[in-house]
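The values are calculated or read from the model by the stated rules, or taken from the named source; none is laboratory data. All values reported here derive from a predicted model rather than from experimental measurement. Here the Cβ positions follow ideal geometry from the backbone for every residue, glycine too, while neighbour counts run over all protein chains shown. Each accessible area value is taken on the protein alone, full model and side chains, heavy atoms only, with ligands, DNA and RNA left out. Shrake-Rupley method; radii C 1.70, N 1.55, O 1.52, S 1.80 Å.
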Amino acid sequence: MKQMNLLQAVNQALTLAMERDASVLCFGEDVGHFGGVFRATSGLQDKYGEDRCFNTPLTEQGIVGFANGLAAKGLKPVAEIQFADYIFPAFDQLVNETAKFRYRSGNQFNVGGLVVRTPYGGGIAGGHYHSQSPEAYFVHTPGLRVVVPRGPVQAKGLLLAAIACPDPVIFFEPKRLYRAAVAEVDEGYYQLPLDRAEVVREGSDITLLAWGAQMDYLLKAADLADNAGISCEVIDLQSLLPWDEDTVVESVLKTGRLLISHEAPLTGGFGAEIAATVQERCFLYLESPIARVCGLDTPFPLALEKRYMPDQHRIFDAINATMNF
Amino acid sequence: MTNPNNATITLVHRIRFVDGHGLTIPTFRLLKDDGHLYADAIAPELDKEQALAMYHSMVATRLLDERMLAAQRQGRISFYLQSLGEEAQAVASAAALAPEDMILAQYREQGALLHRGFTLAQFMSQLFSNEDDLGKGRQMPVHYGCRELNFMTISSPLATQIPQATGVAYGQRLAGESAITLCYFGEGAASEGDFHAGLNMAAVLKTPVIFFCRNNGYAISTPASEQFVGDGIASRAVGYGIRTLRVDGADTLAVFEATRQARQLMLDDPQPMLIEAMSYRLGAHSSSDDPSGYRSQAEEERWRKRDPIGRYRLWLQHQGWLNEDDDRRHRDELRRQILEAMKQAEQRAKPALESLVEDVYAAVPRHLERQLAGLKHPSSGRQGEDA
């Protein structure tokens, strides 16, 4: 076991994956010698050569199109999109190509083994082009897997599972936590399941659900609630597509209440999908309406970032409102 | 003097804007319209068997197109794309490849797939979306694909295969395979961002991929004159540092030789190449299109006289490799086979309901199992119910 931050955990996962399997390649903008804008790929080019870890031209559609071709050829590309805000030029390649390769060819061709890593989310004073959480666009696309780790242990295990997965994965890394989240991490090779939510804390009064960087606020809010005598069950969804309905439903059947929090705008956010499913499966057990604490339906602000973020205080307020419905 | 990119810099002290006039790229052609070689032209090394195989693939492509366009008009299939006037470029370029070379196509290269050995039954299964379709009936007609023949399944969105071809070729290079990738697209697709992204990456990463542009004059109803300015698509590749050749796309021998030599060059020295084949899309863009709204009969007639199959047939006759009786008998037999394959495919069942949720992921996930069960037993209530 070794103390490391989320970024170091990602780097270690990539190192292990490239070590074990010569078909794993890491590429993207600045990821070569420089090690990527956040240094997630540091040292990989030195260890594995310029053929397997390299810079590409600045072309997100090119990077993902190229990765599609490589993966269809049977290799395992781990492509970095420098910021999730810049994933949109690659949207067509991801949604029309990556997601549908297997389906449209009757499983003659697929791009399993493809992973797109991309830092997402706010809290770094990045304004509206360095802070977006675009997961909802992708969870609407059958054929993709969408994974978001909340800390170093999860980042390493989920990323290794993503690289080994026979389906293409978009791996959103919470950049606010890159250096802030530190934990004891197993230095060996391990995978965490891609289709399981994790019950991070057990409780009996209300279920709190989030993923990625938002888990940090959720746990702080659960502490505030605990001090106020409210017992929160806290769940990290981890995999957004496909998502682990059963773990969430089971928890809500027990607590009778659900609060979902995400940083992305409220309207059309993934919280809406979860709320719809849970009310369908738990209707007679619900003791209050399902609460959503989310970003506003605005571009991500710069100056008012702290007000925009659905932080522990806004979540705690919503917990109280739900408990007193 | 060189800049950091190792490009030579020439200094001048008077303004001189550079334009395309100095960059006009010539067109490689071997066969004259009468089927004889130009005086200084050298025919590619082709034996009778190979030469006739190409001819038969072109003829079969045309007959298949004719029949299926008629089938579309009869309402038997929903859509069709013919390659009338472009048979030579697809067939002759594919003929210059080895079977292990990968092909990523657009949607007008049925000739390449046919030449690789895709059977009439396989074509028909795709066109009729029956249970034998390798793509399991999920795509519109003409979106073929065949793993066994190294022919990647076609996607509708334009130009997406171009950066993918760069990736496939990089994988081939990395694996040390002596194989290359050939990527077809039209001149309209060269306007897409994916074209520029794919070419630039290929040049920088030195991948063995042939970008084969079928410059056929029209992108649906938009003429090439409204698609790009300057010297065609070839000059764009030059700008990316990619070796480039322009060829007469209606000259079977020239297309074959151009592709053969491009392939040989990149096997010895991994790098991309672009071949711009100049031709004319004699038919409509698709069965949903009517060219009479945007071009004249006279224009079409001019090109009809330059039919690539006709020119090649004359060469084969001059070689003493083809006579009219054999040709006619062969065509009649092909027509019969096509009709028979169509009747067979039409009668086959549609894919099973289960296939709806298959291949979305490697294994069918729980939520899709639930949704399928809901579809099978609608009376059970909600869409996501367990069976």
Original post:
Pick from A:Gln3, A:Gln45: which is in contact with a Cys (Cβ under 6 Å, 6 or more places away or on another chain) and either without any contact (Cβ under 8 Å) to a residue 40 or more places away in the chain or open to solvent by 40 Å² or more (accessible area, probe 1.4 Å) (or both)?
Top reply: A:Gln45
Subject >> Residue that is most open to solvent (accessible area, probe 1.4 Å), among those in the stretch A:141-178 that are within 19 Å of A:Met18 (Cβ to Cβ) and small (Gly, Ala, Ser) >> reply: A:Ala164
**OP:** Output the residue which, of all residues in the stretch B:132-177 that are within 7 Å of another protein chain (Cβ to nearest Cβ), free of Cβ contacts under 8 Å to residues at least 60 places away in the same chain and among the polar types (S, T, N, Q), is farthest from B:Asp65 (Cα to Cα).
**Re:** B:Thr160
Original post:
When the stretch B:294-315 is examined, which residues are found to be open to solvent by less than 70 Å² (accessible area, probe 1.4 Å) and over 15 Å from B:Ala60 (Cβ atoms)?
Top reply: B:Tyr294, B:Arg295, B:Ser296, B:Ala298, B:Glu299, B:Glu300, B:Asp307, B:Gly310, B:Arg311, B:Leu314, B:Trp315
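Yes or no, residue by residue, for (1) over 20 Å from B:Arg214 (Cα atoms); (2) without any contact (Cβ under 8 Å) to a residue 12 or more places away in the chain; (3) of a type in the set (Asp, Glu):
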position	(1), (2), (3)
B:Asp248	no, no, yes
B:Asp268	yes, yes, yes
B:Leu282	no, no, no
B:Gly320	yes, yes, no
B:Glu324	yes, yes, yes
B:Arg335	yes, no, no
Original post:
When you go through (1) part of a loop (DSSP other than H, G, I, E, B); (2) open to solvent by less than 10 Å² (accessible area, probe 1.4 Å); (3) not basic (Lys, Arg) one by one for B:Met68, which number turns out not to apply?
Top reply: (1)
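Please note which helices (runs of 4 or more DSSP H) are completely contained in the stretch A:119-238 and include at least 3 residues that are closer than 30 Å to A:Gly106 by Cβ.
Values: elements: A:135-139, A:152-164, A:214-227.
Output list reads A:135-139, A:152-164.
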**OP:** Might you check whether a residue that is part of a helix (DSSP H, G or I) and either more than 30 Å from A:Asp85 (Cα to Cα) or open to solvent by 20 Å² or more (accessible area, probe 1.4 Å) (or both) occurs anywhere in the stretch A:259-272?
**Re:** yes
Original post:
Do you know which residues across the stretch A:239-258 are hydroxyl-bearing (Ser, Thr, Tyr), within 14 Å of chain B (Cβ to nearest Cβ) and not in a strand (DSSP E or B)?
Top reply: A:Thr247
**OP:** Report whether or not B:Ala112 is part of a helix (DSSP H, G or I), buried (at least 20 other Cβ atoms within 10 Å of the Cβ) and of a type in the set (Gly, Ala, Ser).
**Re:** yes
Original post:
Only one of (1) out of contact with any Pro (no Cβ under 7 Å at 6 or more places or on another chain); (2) in contact (Cβ under 8 Å) with a residue 40 or more places away in the chain; (3) closer than 22 Å to A:Leu94 by Cα is not met by A:Asp21, so which one is it?
Top reply: (3)
**OP:** Kindly provide the set of residues from the stretch B:82-95 that are open to solvent by less than 10 Å² (accessible area, probe 1.4 Å) and over 12 Å from the mean Cα position of the chain (by Cα), ordered by number.
**Re:** B:Gly85
Subject >> Lone unmet requirement of (1) away from chain A (no Cβ under 14 Å); (2) surrounded by 14 or more Cβ atoms within 10 Å (Cβ to Cβ) for B:Ala349 >> reply: (2)
Original post:
Somewhere in the stretch A:18-38, is a residue farther than 21 Å from A:Pro174 by Cα, open to solvent by less than 60 Å² (accessible area, probe 1.4 Å) and among the hydroxyl-bearing types (Ser, Thr, Tyr)?
Top reply: yes
Original post:
How about the stretch A:47-75: which of its residues are farther than 22 Å from A:Leu6 by Cβ and among the charged types (D, E, K, R)?
Top reply: A:Glu50, A:Asp51, A:Arg52, A:Glu60, A:Lys73
Original post:
Filtering the stretch B:210-248 down to residues that are closer than 18 Å to B:Arg295 by Cβ and of a type in the set (Gly, Ala, Ser), which residue is surrounded by the most Cβ atoms within 10 Å (Cβ to Cβ)?
Top reply: B:Gly217
Original post:
Which one is nearest to the other protein chains (Cβ to nearest Cβ) among residues in the stretch B:189-238 that are within 17 Å of the chain's Cα centre (by Cα) and β-branched (Val, Ile, Thr)?
Top reply: B:Val209
Original post:
Which one of these is of a type in the set (A, V, I, L, M) and more than 30 Å from B:Leu134 (Cβ to Cβ): B:Leu334, B:Leu368, B:Leu356, B:Leu322?
Top reply: B:Leu322
Original post:
A:Val278 passes all but one of (1) within 14 Å of chain B (Cβ to nearest Cβ); (2) more than 21 Å from A:Asn320 (Cβ to Cβ); which number fails?
Top reply: (2)
**OP:** Filter the stretch A:56-107 down to residues that are touching a Leu at 6+ places or on another chain (Cβ under 8 Å), among the small types (Gly, Ala, Ser) and closer than 17 Å to B:Asn150 by Cβ, then give me how many there are.
**Re:** 4
**OP:** Read through the list (1) hydrophobic (A, V, I, L, M, F, W, C); (2) over 28 Å from B:Thr207 (Cα atoms); (3) more than 14 Å from every other protein chain (Cβ to nearest Cβ), then give the number of the only condition that B:Leu114 fails.
**Re:** (2)
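Can you confirm whether A:Asp226 is within 24 Å of A:Ile124 (Cβ to Cβ), away from chain B (no Cβ under 14 Å) and open to solvent by 10 Å² or more (accessible area, probe 1.4 Å)? Walk me through it before giving the result.
Numbers: within 24 Å of A:Ile124 (Cβ to Cβ): no; away from chain B (no Cβ under 14 Å): yes; open to solvent by 10 Å² or more (accessible area, probe 1.4 Å): yes.
No, not satisfied.
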Subject >> A:Ala136 being of a type in the set (Gly, Ala, Ser), out of contact with any Cys (no Cβ under 9 Å at 6 or more places or on another chain) and more than 13 Å from every other protein chain (Cβ to nearest Cβ) >> reply: yes
**OP:** May I ask you to list the residues in the stretch A:181-191 that are closer than 30 Å to A:Met309 by Cβ and surrounded by 15 or more Cβ atoms within 10 Å (Cβ to Cβ)?
**Re:** A:Ala181, A:Val182, A:Ala183, A:Val185
Subject >> Enumeration of residues in the stretch A:57-72 that are surrounded by fewer than 24 Cβ atoms within 10 Å (Cβ to Cβ) and either outside any loop (DSSP other than H, G, I, E, B) or within 7 Å of chain B (Cβ to nearest Cβ) (or both) >> reply: A:Pro57, A:Thr59
